[in-house]
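Notes follow once the structure below has been shown.
The values are calculated or read from the model by the stated rules, or taken from the named source; none is laboratory data. Worth saying up front: this structure is predicted, and the values here are computed from it rather than measured. Please note: Cβ atoms are built from the backbone with ideal geometry, for glycine as well, and neighbour counts cover all protein chains shown.
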Amino acid sequence: MSPIRVINPDGTFTTGPETTERLLTPGEVAQIFGVGPKTVNRWALTGRIPSVRTPSGQRRYRETDVITLLSGDRSS
């Protein structure tokens, strides 16, 4: 059974008692890469970057996944 994820108002989510990770909006990720937010969402649809969905269905991106993509290491 997968862990329950709780998204907090400050843009972090929790998967357990000790795990909190920052979530970025498509606009924030787009600014980092110098592309548009729709491009970031297309990357998620094609599997280039993993995303999580908020309860309202919006995409959010883990900061660690963005850093991994920036560094060019896609093995994780």
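Results, tabulated for the structure shown:
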quantity	calculated
Qualifying residue in region 51-60 (condition: at pLDDT 95 or above, touching a Gly at 6+ places or on another chain (Cβ under 9 Å) and either surrounded by 14 or more Cβ atoms within 10 Å (Cβ to Cβ) or not in a loop (DSSP other than H, G, I, E, B) (or both))	no
Residues (part of a helix (DSSP H, G or I) and either of a type in the set (D, E, K, R) or surrounded by 14 or more Cβ atoms within 10 Å (Cβ to Cβ) (or both)) located in region 61-74	Glu63, Asp65, Val66, Thr68, Leu69
